[in-house]
Amino acid sequence: MERDEPAGSPAEALGGRAAAPRVGILMGSDSDLPTLRETFAVLEELDIPFEATVASAHRTPERVAHYATTASERGLEVLIAAAGSAAHLAGVVAAHTLLPVIGVPLKGGAAGGLDALLATAQMPRGVPVATVALDGAANAALLAARILALKDPQLRRRLEAYRQRMQARVEEADRRLQAELGRATAHLQEASEPPSPSPARPVSQPPSHPQAHPGSEPQPERQPQPRFGGGRATPGGQAVAS
Ligand code: RP5
């Protein structure tokens, strides 16, 4: 069978030659491409070379089988398979390779995507597919990156930087919200910092304010928790995790 040519190319070029793809992306139809562009964007941001192709488990079954069976020998390390409706693509790919397969169920169709979610996630024992959320194209790329980072310290550092940029965006969004609400943000800054260690209380020593919880067991001191997600402001101005 003729080898499938990738529809997309890795962003990185080394010495005039494109770096060998590490991630292979399959999509059941070119109508899936707009969603899969999110996968491309995240992989490009993390400088991970990839290839992408259109191949349908139902319309081109041999093409899918050939791609999956030759993926490892061609140097691919993780496969991402996205499909909608009766989304058997990821499962069929996983049946033909021992590479980790990430399934991306896509919204749409008669059941709004629930059909694709179940078809992708509910794999029989023995043939795993790591399924992300409906239209979870960006997370598929990030999961692939985490798998590759297990043996790639430089990529791990890029992932850490990616996470820091994400956290900075959340904190900036919250600063804008607090500014709009006219509230000070100092207490939120404090919540974003890692908790400082406090001296442990001896086990036998009672809590300093036992009457704070009448009739209950002594409560451990609460440590400030780092806040990673978005927050919302209550009418009293306190931010709570969402
Ligand atoms: C699936 O059927 C594809 O992955 C796509 O999400 C859906 C519809 O495909 P088209 O009819 O738009 O080609 O196999």
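Bear in mind these aren't lab numbers, they're just calculated from the coordinates by the rules spelled out. Nothing here was measured: the structure is a model prediction, and the numbers come from that model. Cβ: placed from backbone, ideal geometry, glycine included. Neighbour counts: every protein chain shown.
Suppose every Lys and Arg Cβ carries +1 and every Asp and Glu Cβ carries -1, with no other charges. What dipole size does the range 10-151 come out with about its Cα centre, to the nearest 20 debye?
Details: 10 positive and 13 negative charges, 65 e Å.
I would put it at about 320 debye.
Using a Förster distance of 25 angstrom, determine the FRET efficiency expected from the C-beta separation of L98 and T60, and round it to 0.05. Walk me through the numbers on the way to the answer.
Details: r = 22 Å, r/R0 = 0.88.
Here the calculated transfer efficiency is 0.70.
How big is the Kirkwood radius of the range 10-151, worked out from every pair of different alpha carbons and given in Å to one decimal? The partial results should precede the final answer.
Numbers: mean 1/r = 0.0679 Å⁻¹.
The Cα-based Kirkwood calculation yields 14.7 Å.
Starting with the highest mean, order 157-166, 67-76 by the number of other Cβ atoms within 10 Å, averaged over the residues of each peptide.
In descending order of packing, they fall as 67-76, 157-166.
Between S31 and T70, what is the FRET efficiency for a Förster distance of 25 Å, r being their Cβ-Cβ separation, to the nearest 0.05?
Working: r = 26 Å, r/R0 = 1.02.
Result of the calculation: an efficiency of 0.45.
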Which far-off residues, 5 or more places away or on another chain, put their amide H under 5 Å from the one on L106, with H placed in the peptide plane? A83, G84, S85, D135
Any chance you could check the Cα centroid distance between the range 20-81 and the range 139-171 for me, in angstrom? 20 Å
R175/A133 FRET efficiency (R0 30 Å; Cβ-Cβ; nearest 0.05): 0.60
Please compute the modelled spin-label separation between K107 and Q122, points set 7 Å along Cα→Cβ, answer in nm with one decimal. 2.2 nm
